[in-house]
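Following: one structure in structure tokens, then a few remarks.
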Amino acid sequence: MLIQKDFLSQIRGFGLNSYESRLWAALLAKGTATAGELSDIANVPRSRTYDVLESLERKGFIIMRLGKPIKYFALSPESVLETVKKKIGEDAAEKTRVLNKLKETDLITQLNVLHKSGMNLVEPFELSGSLRGRKNIYNHLETLMKSAKASITISTSEDGILRKKDAFFKILKKAKDRGVRIRIAAPFNSLSPEGKKEVSELKGIAEVRHTTANARFCVIDSSHLIFMVLDDKQTNQAFDTGIWVTTPFFSSAFERMFDASLELNSSDKVRL
């Protein structure tokens, strides 16, 4: 697929260099591809392709799909834009202004056309991958929560429930307002009085339960599952790792595990 130089130049406004722009645009159009395929499509030297793809993954533009051969696919331009805005906003208000200006152009529409055409080529079982770093995990969780239609089920740690309250309260409230059922479980009995007060603020938007399980996962609409593979207390946020899969069978199994761990009864409910 031939992409005009002017279009690639606009994509670089997202904070990408020339090779990153070419590979991201190629992956948006392709849907899913190996590093070798992307190297050929984007005309990027193979000796540089893996490094550039790793950079795009760190920045939250793409996800590496599990399996052999290793494949990659691009996240939606809207979610990428929000991720870039957050990162740039932490460093420079001027960069945020530039990105807001980009949002007002037809660039996003053009990128969406590429993304949708590519996603039509992707089978549902291929929508899986690893997420590195807590910021990338939370960014993807935010995207999934915003699109939730029926349910959000969260199992997290003692510290995790406070982090998720800070990060997702407004998003969860909006989901509740549109009829999404929200359930949250965590071992929070040993929290400080201040911590328990924060947890109690979730009662208005979610069914919040105490559990002795220390599992860390989130299920959206009994279809999308993100589960963390490392111990919360022994992991630096930069190295936290999550696995995202799109499979109703596996996601439903985690929901059943969630129900079983709680032994649903009224005495488990939050009383703060």
Revision key, fill the gap. Residue count, region 27-53, condition in a helix (DSSP H, G or I) and in contact (Cβ under 8 Å) with a residue 60 or more places away in the chain, comes to 4
Check your understanding: Is it fair to say THR241 is of a type in the set (Ser, Thr, Tyr) and modelled with pLDDT under 90?
Key -> no
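Yes or no, residue by residue, for (1) free of Cβ contacts under 8 Å to residues at least 60 places away in the same chain; (2) closer than 16 Å to ARG163 by Cα; (3) within 24 Å of the chain's Cα centre (by Cα):
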position: LEU191; (1), (2), (3): yes, yes, no
position: ALA213; (1), (2), (3): yes, no, yes
position: VAL219; (1), (2), (3): no, no, yes
position: SER223; (1), (2), (3): yes, no, yes
Review point. Which strands (runs of 3 or more DSSP E) sit wholly inside region 205-252 and have at least 2 residues that are among the hydrophobic types (A, V, I, L, M, F, W, C)?
Key: 217-220, 224-228, 241-246
Exercise for review: Pick out, from region 58-163, the helices (runs of 4 or more DSSP H) lying fully within it that include 1 or more residues that are surrounded by fewer than 18 Cβ atoms within 10 Å (Cβ to Cβ) and at pLDDT below 90.
Suggested key: 77-91, 93-103, 107-119
Review point. Right, ILE182: under 13 Å from ILE152 (Cα atoms), surrounded by fewer than 20 Cβ atoms within 10 Å (Cβ to Cβ) and either of a type in the set (A, V, I, L, M) or outside the structural domain of LYS146 (by TED's automatic domain parsing) (or both) or not?
Key: no
Review point. Which condition number does TRP24 fail, the rest of (1) touching a Phe, Trp or Tyr at 6+ places or on another chain (Cβ under 6 Å); (2) of a type outside the set (S, T, N, Q); (3) assigned to a helix (DSSP H, G or I); (4) under 21 Å from ASP240 (Cβ atoms) being met?
Key: (4)
Exercise for review: Search region 207-221 for residues being among the hydrophobic types (A, V, I, L, M, F, W, C) and at pLDDT below 95, and hand back the single one that is nearest to THR246 (Cα to Cα).
Suggested key: ALA215
Study note, to complete from the structure: Within region 171-192, residues at pLDDT below 95 and part of a helix (DSSP H, G or I) come out as none
Exercise for review: Being at pLDDT 90 or above, more than 22 Å from the chain's Cα centre (by Cα) and either surrounded by fewer than 22 Cβ atoms within 10 Å (Cβ to Cβ) or not small (Gly, Ala, Ser) (or both) narrows it down to one of SER55, SER47, so name that one.
Suggested key: SER47
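The values are calculated or read from the model by the stated rules, or taken from the named source; none is laboratory data. Just so we're clear, the structure is a prediction, and the values are computed from it rather than from any experiment. Neighbour counts run over all protein chains shown; Cβ positions are idealised from the backbone, glycine included.
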